[in-house]
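S.K.: Below you'll find the structure I mean.
Every number here is computed from the coordinates shown, using simple stated rules; none is lab data. Keep in mind the model is a prediction, meaning the values are calculated, not measured. All Cβ positions, even for glycine, are placed from backbone atoms using ideal geometry, and neighbour counts span all protein chains on display.
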Amino acid sequence: MSFVRHGQCNAPCMANTVSIDDRARWLTHQRKTYARRYRAFRGLHDLLRYDARYRLLLMEDLFRHFDIPFEHQKVYELGFGTGSLLLRFDTSSTLHGAELSESAIAALRADPRAADYHELKLVSTGDDGSPRFPEQDYDIVLASHVLEHVPDDREALMALHAHLRPGGVALLFLPLERPRHNPDHARTYTAAGFTRLLREVGLEPIHVEENFRYASHLVQLVNWPSRRRVPVLGVLVEVIKSLLLALPPTGFVRLVEQPLRRLHVAPRQLMVLARKS
């Protein structure tokens, strides 16, 4: 499979860089990977996902800075996973989402917290993970570590833009990594390349931040058996790494960001808040 890197390559998406057979195999792998991920041990999954807790904290800080309320919002998330970002919004808000994983949809619908919301509508994505929408005119759209998986990220962003009301905002999280670092990802990103792509589809970035140095490339190097799917050892290393990184409180992860930046530790994540004019 060939990979592209926004900011360093003119090719906009995976669909333009792989054969039809390779694309079909990759999509089949994606569906198998995520089909049953959220069916069991959902609570344990949330407990170990230090990265998901960190993104929740980042969203709270960012919305506070830009005076974006969590109340009375119409929110859509592409690839909501366990639903932690959606469930952060007040129960006066309308929550919509699309997921490739049917188990994730079933789990969020059954979550006792979901029953308190004004409205909850969840749909399946396209077979390739492309967005589908219950409605339109959203105040906020979210996509957290999703766009690197879809076959055409430009098309996905255009769809998010089309369903966002004028003045609405999009909060997007993406990995910053080396090409071929993660075999599940169709492409890698740079901050400059992604912000340029956002402007091309009609979204104006208002905050661009590289962060998550806590999970540096050195940590990910230790995790290579998991990325390479080494039998038994890969799962064991992933569990141990997740347990160790999940021990410190989320606030500590935020606290060490600037010291690690001064030490020139490479960021692992791109966070962008963009507005539709």
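S.K.: Kirkwood Rh and Cα-based Rg: tell me the resulting Rg over Rh for the stretch 105-224, rounded to two decimals. Intermediate results must be reported in sequence, preceding the final value.
M.R.: Values: Rg = 16.2 Å, Rh = 16.3 Å.
Computed over Cα atoms, the ratio is 0.99.
S.K.: Okay, moving on. Give the long-range amide H neighbours of residue 94: residues separated by 5 or more places, or on another chain, with amide H under 5 Å away, using H modelled in the peptide plane at 1.01 Å from N.
M.R.: 73, 74, 75
S.K.: Still on this structure, I have one more. Karplus couplings for the stretch 195-207 from phi (6.51 cos²θ - 1.76 cosθ + 1.60, θ = phi - 60°), rounded to Hz, Gly and Pro as x?
M.R.: 5, 5, 4, 4, 5, 5, 9, x, 10, 9, x, 10, 8
S.K.: With +1 assigned to the C-beta of every Lys and Arg and -1 to the C-beta of every Asp and Glu, and no other charges, what is the dipole magnitude of the stretch 227-276 about the Cα centre in debye, to the nearest 20?
M.R.: 300 debye
S.K.: Just order 99-112, 254-267 by mean Cβ neighbour count inside 10 Å, highest at the front, would you?
M.R.: 99-112, 254-267
S.K.: Size of the stretch 57-113 along its principal axes in angstrom, Cα-based, largest extent first?
M.R.: 35, 21, 16
S.K.: With equal scatterers on the alpha carbons only and no solvent term, can you work out the Debye log10 of I(q)/I(0) for the stretch 78-154 at 0.24, 0.25, 0.26 1/Å?
M.R.: Evaluating at q = 0.24, 0.25, 0.26 Å⁻¹ gives log10 I(q)/I(0) of -1.21, -1.30, -1.39.
S.K.: Follow-up question, since we're still on this one. Hey, what do the phi angles of the stretch 242-248 turn into as Karplus ³J(HN,Hα) couplings, whole Hz, using 6.51/-1.76/1.60 and θ = phi - 60°, x for Gly and Pro?
M.R.: So the J values, rounded to whole Hz, are 5, 4, 5, 6, 7, 5, x.
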